[in-house]
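The values are calculated or read from the model by the stated rules, or taken from the named source; none is laboratory data. Just so we're clear, the structure is a prediction, and the values are computed from it rather than from any experiment. Neighbour counts run over all protein chains shown; Cβ positions are idealised from the backbone, glycine included.
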């Protein structure tokens, strides 16, 4: 206690989180394996688009490039974020944070910064790679750039909190994470990301329209593809109000759910549960 009778000021958790996020990003840059892991997905999408362009199918190459941007946002939010939470729960990181004031806020801030930077780098790689290899990939007007910015921003806000909420609900078993990935990959195939959604059955169109990927991908296409491409969209238009509205709804839902679920997950962590998971993991390895 200081002379004034008050407790010394605590470090700002947001500042600590930003510092931790920068440290994690530097650690990735020092690891060739980690760099490959995070860049392999956008490079794969870029490779597919380049291959299609080499076959003379420029329209499909442009569609694949736009689909790669949307899928990258989706995968980081709904696959990478739950993996972070799973790993940090398994190694006891979340348990150690539970009793430290502001630690969970700093933790979430660090992960948000990490994800944002990785998404930004991946999207930039796709756009610049598309420009160099395909002669396309960049919006051709200030209005298109503005569209790309708000779609990417809303897309991130829509999927990252939901990914955190899902990660907090997954049981502490790697098999559960693998099973969860299957419907996520199915959504990538059926949401009109790489093929026009109008070619899908009506019931499937209605189903995937509930989820954010369909709207992220459509918004990205509206920024990157020529105007005549909107003839392939449902209703023959880019539907920007619907894109913004659906992504905003998902963002609000995620922001309402994620903090509560993360706090509940942290409260449920204990030394005994961590020891039990370690015992099962060792027993399974020995078997």
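Couple of notes before you dig in:
Yes/no per residue for (1) more than 28 Å from residue 150 (Cα to Cα); (2) assigned to a helix (DSSP H, G or I); (3) modelled with pLDDT of 85 or more; (4) in contact with a helix residue (DSSP H, G or I) (Cβ under 6 Å, 6 or more places away or on another chain):
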site: 2; (1), (2), (3), (4): yes, no, no, no
site: 9; (1), (2), (3), (4): yes, no, no, no
site: 19; (1), (2), (3), (4): no, yes, yes, no
site: 35; (1), (2), (3), (4): no, yes, yes, no
site: 47; (1), (2), (3), (4): no, yes, yes, no
site: 52; (1), (2), (3), (4): yes, yes, no, yes
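Each row is one residue, and each column tells you yes or no for (1) without any contact (Cβ under 8 Å) to a residue 24 or more places away in the chain; (2) within 30 Å of residue 88 (Cβ to Cβ).
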residue: 120; (1), (2): yes, yes
residue: 136; (1), (2): no, no
residue: 139; (1), (2): no, no
residue: 145; (1), (2): no, no
residue: 163; (1), (2): no, yes
residue: 166; (1), (2): no, yes
residue: 203; (1), (2): yes, no
residue: 221; (1), (2): no, no
residue: 228; (1), (2): yes, no
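- Test: residue in segment 64-75 that is in contact with a helix residue (DSSP H, G or I) (Cβ under 7 Å, 6 or more places away or on another chain), assigned to a helix (DSSP H, G or I) and under 29 Å from residue 268 (Cα atoms): yes
- Checked against (1) free of Cβ contacts under 8 Å to residues at least 24 places away in the same chain; (2) within 24 Å of residue 158 (Cβ to Cβ), residue 93 passes all but a single condition, namely (2).
- Wholly enclosed helices (runs of 4 or more DSSP H) of segment 148-266 bearing at least 3 residues crowded, with 21+ Cβ neighbours inside 10 Å, out of contact with any strand residue (DSSP E or B) (no Cβ under 7 Å at 6 or more places or on another chain) and modelled with pLDDT of 90 or more: 212-224
- Count - residues of segment 131-147 that are surrounded by 15 or more Cβ atoms within 10 Å (Cβ to Cβ) and under 21 Å from the mean Cα position of the chain (by Cα): 2
- Residue list for segment 94-106, filter: touching a helix residue (DSSP H, G or I) at 6+ places or on another chain (Cβ under 9 Å) and exposed (fewer than 15 other Cβ atoms within 10 Å of the Cβ): 96, 100, 101
- Only a single item in (1) buried (at least 17 other Cβ atoms within 10 Å of the Cβ); (2) free of Cβ contacts under 8 Å to residues at least 40 places away in the same chain is not met by residue 109, and it is number (2).
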